[in-house]
Each structure stands twice: as structure tokens, then as C-alpha cells.
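S.K.: Below you'll find the structure I mean.
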Amino acid sequence: MDRCVVLVDAGYLLGAAASLLAGEPARSRISVDHTALIQGLRERAEAETQRPLLRIYWFDGAPDRVPQPEHRRLRVMPRVTVRLGALTRSDGRWAQKGVDAAMHAELTELARNRACSDIVLVTGDGDLLPGLMSAKEHGVAVHLWAVQAADGDYNQSEDLVAEADERRVLDRIWITRAVRAVEPSGSGAPAAVPRPEIAAILSAPLPEAAAEEPHGPGRLPPPDPGRNGAGQSPGRPAGREDGRTPPGAAPAAPGTDPAGEPGHTKGVPTPKDLADLGRAHVAGAGTGQQGPHATLRWSSDRSWTGGGQAEQPEAPALPTLAQLTTAEQRWADREEDITAVSGDPSEVGQVFARRWIERLASDRRLRQLSAEYPRIPHRIDGELLRYAARFGLLAHKDDQIDEHDRYAIRAGFWREVESRATPERARTGD
């Protein structure tokens, strides 16, 4: 078949590009326009092989082989097929598993079936040498492409270079058409000023400290008795904030906080504490409560709120997005997720809220949800987080759950709800 195929080792291509442009191979140091990159690979492959493109195979690693947002965008592009290996962490470093084996299998299978006349390999790994030799024996011309090395030397296996039929270098000018360097977070660059809601998280006093110093300067203010019904009533049982187990709950296991979370030390906030305090600050933005007036609130109706009192029972259950969505809408949602949603945590929360609001049969439901601010009803909150997990958010990063993503997802949700609910309140005079 007089066609060409491109096999891309994404770890090599993007790692070498990061070394060239940013001085280190961390892919977090670069920003990639995948559409421009794929188009550039296609045009160059067709020009150099004088053959029309059959397909581009993109080989990469992902935690638990779960497609990340970039993989979701790539695999719906024309003539692109994504193959994922595992991404594992060992000795503090990430390593791909199974990517080389998948490339070797694809390379030999294409050649054996005579699916193409030319194969372009974008890789530097010598483990592909047997596959390259096998492809040549089946009459396929093998073109080996390298990314320009930062030090001017080779960044490919010399045996691979020697065995290839043709060799080309993707130089800095070609790379920068689709890839650019970004500033590292926290290295030599000046520290970014934290957003106001993050600053409130870091500066808010801990509930335990407030309990120990009821009249001191670190004391938490009285809870707001307003929108969320969080005012304290005499005789209400104390919740998690004062360190005691809520009535009827099982005692916490040793080494955990009262909510059963491991590793909590008295006086030291857990990531969940910080995220919840941040959500309280977002709530304060709409009610006049700012900064130090943030009280500890949870986003689920199965928990306790600030001031040591239980959440008020939820009003008649709000419908979930799944209950509001038809089969046709579900298909359209998946298409939008793949092609238009970037996977930014705040954007994910906004997209979910927008769909929920637009499918409501009555504005009364929207006002009911808005009145719960900042608490997201448990069923909707769980559905929101499961939706976010599709984009690789909330996954284990450095062996910890990313609570900053969780915070941003819920903040995006409330941002969209408030933007839709405010005009409605204005029309109804609420």
C-alpha cells in the first residue's frame, strides 16, 4: 500500500521538546497545541515520504491507563489513534510501562500486513530496534525523526539511528510552531499572589484553636444564621469542629480525625479542612462575609457545618443531572466533553452546572439550589465529582488526592449557579 504511517512516542517527543525549550524534560514546563502539532506531523510526513497519510498513532502513558484531557482531544482528531500504556511512580519519578511494547507490536503488524509503504518513527528508544529491522525485512521504508537535542548531541539510540532508512531532525523552529515553554511554578520566578479565596483558606483560624481560645484573637466569629440556616441554636450537638463525635456516630479510629480521615493532627488542617474553608469564603462573597469571617462548612448534606451544629435537612430532593438528561443529550454531552471541554477544574464545574440548570423544568429548582449556597446537595455533589473524574481530575497525584482540584470544581459549579440565579432573583424580586 502506497501510504505512510506515523508512530509517535509522546514521552520522547514532548520530553525532548521540554529539554530543548525549557532546559528540563518535565512536560509540565511546556504548553502544547495538539491540533497544530498533529497537523504539522501530517504535513511533514506526507511531504517527506511522498505518500498520503494513513494514520498517526500516538503512544503515551497515563495513570491506570485512564485517558487524560489531552488524550481525549487527540483521539477524536481525524486520522489519529491513541494507544495508552501505564504511568507508574517509582522512587519519586514517573515512568511509562508498556508503551515501547505497544509501539513494537504496531510497527511489526503494520509491516507484516503491508498496510503501508513508509513508516515514520518519532522516538529515541533503542528497544524498538528489533521492530524496525522486522519492518525493513517486510519491504517498508523506515524514517526516523529526532527532536533537536538541547546540547547539540544525539538524544536517540545510535543503533536505531544507524538502522533507519532515512533520518530527519525536528528543529527548534518546527517545534515552536506547536510547543512553547511556560514558567515553572515556584522556582526562580516571583511568587504569585494567591487568589483572595485561597488567602482566606490559609489565614482562617482552625476550629480547634477557636475552641481553645474562645475569647482570643484567633476566635472564629459566630456562624451566619442566614442563607444556609447555619445559625447555632442552644442545645444543638457539637459537630466535628470541636473535636467531638456527632451524636449517633461511631467513635473515630485511632490515628484519624473525627470524620475518619487518616493523618489528622490537632491544630493542623487537613486538605479537606482547607478546601471547606475555601468554599465558605466563596459563600461569603455573595453574603457579605469575607476573609476571616469564613466559617467551616461542608459541601455535602451528610456532614456538619460551622459553629458546631448539624446541617439542616435538605428540602425535597433536587433531581440529579442524570435524571434530567435524555439519551440524545447524553450523547451530545460526551461529544462536547471530548471536543470542547479542556478539563480545567473550574470549567468542569461550570459545564456541569450549566447543563443541570438548562434542563430544569422549573426555575423554582434553581432558586432552591441557590438557597443552599455554599452546600451542594450530596447526590449532586457526588455526581459532579464523578463527572470530573472523567477528565483525570481527583486522581492520585504524588500519592495524594488533589484537594485543590476538588475546591476549584465546586467553586466553578457555584460560579455558574450564581450567574444564572442572580438574574432570576432580580426578575422575581427575591
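S.K.: Kindly indicate whether any position in segment 77-92 is part of a helix (DSSP H, G or I), surrounded by fewer than 14 Cβ atoms within 10 Å (Cβ to Cβ), assigned by TED's automatic domain parsing to the domain that holds Glu137 and not charged (D, E, K, R).
M.R.: Keep residues of segment 77-92 that are part of a helix (DSSP H, G or I), which gives none.
No, there is no match, as no residue in segment 77-92 is part of a helix (DSSP H, G or I), surrounded by fewer than 14 Cβ atoms within 10 Å (Cβ to Cβ), assigned by TED's automatic domain parsing to the domain that holds Glu137 and not charged (D, E, K, R).
S.K.: Mind listing just one residue for me: the one in segment 56-68 that is surrounded by 19 or more Cβ atoms within 10 Å (Cβ to Cβ) and not hydrophobic (A, V, I, L, M, F, W, C) and, of those, nearest to Met1 (Cα to Cα)?
M.R.: For segment 56-68, the residue satisfying everything is Tyr57.
S.K.: Could you check segment 327-394 for helices (runs of 4 or more DSSP H) lying wholly inside it with 3 or more residues that are more than 21 Å from the chain's Cα centre (by Cα) and not acidic (Asp, Glu)?
M.R.: Working: elements: 327-339, 345-358, 363-370, 378-389.
Filter on segment 327-394 gives 327-339, 363-370.
S.K.: Given the structure, is Asp9 in contact (Cβ under 8 Å) with a residue 60 or more places away in the chain, over 21 Å from Glu137 (Cα atoms), buried (at least 21 other Cβ atoms within 10 Å of the Cβ) and of a type outside the set (A, V, I, L, M, F, W, C)?
M.R.: Details: in contact (Cβ under 8 Å) with a residue 60 or more places away in the chain: yes; over 21 Å from Glu137 (Cα atoms): yes; buried (at least 21 other Cβ atoms within 10 Å of the Cβ): yes; of a type outside the set (A, V, I, L, M, F, W, C): yes.
Considered against the rule, which asks whether it is in contact (Cβ under 8 Å) with a residue 60 or more places away in the chain, over 21 Å from Glu137 (Cα atoms), buried (at least 21 other Cβ atoms within 10 Å of the Cβ) and of a type outside the set (A, V, I, L, M, F, W, C), Asp9 comes out as yes.
S.K.: Then there's this: Looking at segment 15-30, can you tell me whether even one residue there is in contact (Cβ under 8 Å) with a residue 40 or more places away in the chain, buried (at least 20 other Cβ atoms within 10 Å of the Cβ), out of contact with any helix residue (DSSP H, G or I) (no Cβ under 8 Å at 6 or more places or on another chain) and farther than 18 Å from His143 by Cβ?
M.R.: Yes: segment 15-30 contains one or more residues that are in contact (Cβ under 8 Å) with a residue 40 or more places away in the chain, buried (at least 20 other Cβ atoms within 10 Å of the Cβ), out of contact with any helix residue (DSSP H, G or I) (no Cβ under 8 Å at 6 or more places or on another chain) and farther than 18 Å from His143 by Cβ.
Conditions (1) among the basic types (Lys, Arg); (2) surrounded by 20 or more Cβ atoms within 10 Å (Cβ to Cβ); (3) in contact (Cβ under 8 Å) with a residue 40 or more places away in the chain, marked per residue:
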{"position": "Leu144", "(1), (2), (3)": "no, yes, no"}
{"position": "Ala150", "(1), (2), (3)": "no, no, yes"}
{"position": "Tyr154", "(1), (2), (3)": "no, no, no"}
{"position": "Asp159", "(1), (2), (3)": "no, no, no"}
{"position": "Glu166", "(1), (2), (3)": "no, no, yes"}
{"position": "Val169", "(1), (2), (3)": "no, no, no"}
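S.K.: For segment 40-55, how many residues meet the condition of being assigned to a helix (DSSP H, G or I) and without any contact (Cβ under 8 Å) to a residue 40 or more places away in the chain? Break it down stepwise before answering.
M.R.: First, pick out the residues of segment 40-55 that are assigned to a helix (DSSP H, G or I): 40-49.
Then keep just the ones that are without any contact (Cβ under 8 Å) to a residue 40 or more places away in the chain; that gives 42-43, 47.
Qualifying residue count, segment 40-55: 3.
S.K.: Let me ask something else. Regarding Gly412, is this residue surrounded by 19 or more Cβ atoms within 10 Å (Cβ to Cβ), modelled with pLDDT under 80, touching a helix residue (DSSP H, G or I) at 6+ places or on another chain (Cβ under 7 Å) and under 30 Å from Arg89 (Cβ atoms)? Break it down stepwise before answering.
M.R.: On the way: surrounded by 19 or more Cβ atoms within 10 Å (Cβ to Cβ): yes; modelled with pLDDT under 80: no; touching a helix residue (DSSP H, G or I) at 6+ places or on another chain (Cβ under 7 Å): yes; under 30 Å from Arg89 (Cβ atoms): yes.
Judged against the criteria, Gly412 is not a match.
S.K.: Pairs only if they're at least six apart or on different chains, beta carbon under 6 angstrom, first in segment 370-394 and charged (D, E, K, R), second surrounded by 23 or more Cβ atoms within 10 Å (Cβ to Cβ); list them, first residue then second.
M.R.: Arg375/Ser299; Asp381/Ser299
S.K.: For the condition touching an Asp or Glu at 6+ places or on another chain (Cβ under 8 Å) and either part of a helix (DSSP H, G or I) or hydroxyl-bearing (Ser, Thr, Tyr) (or both), what is the one hit in Leu144, Leu128? Before you say what the answer is, go through the steps one by one.
M.R.: Details: Leu144 fails: either part of a helix (DSSP H, G or I) or hydroxyl-bearing (Ser, Thr, Tyr) (or both).
Result: Leu128 is the single residue among Leu144, Leu128 that is touching an Asp or Glu at 6+ places or on another chain (Cβ under 8 Å) and either part of a helix (DSSP H, G or I) or hydroxyl-bearing (Ser, Thr, Tyr) (or both).
The values are calculated or read from the model by the stated rules, or taken from the named source; none is laboratory data. Since the model is a prediction, treat every value here as computed from it, not as a measurement. When we count neighbours, we look across all protein chains shown, and the Cβ atoms used for this are built from the backbone with ideal geometry, even at glycine.
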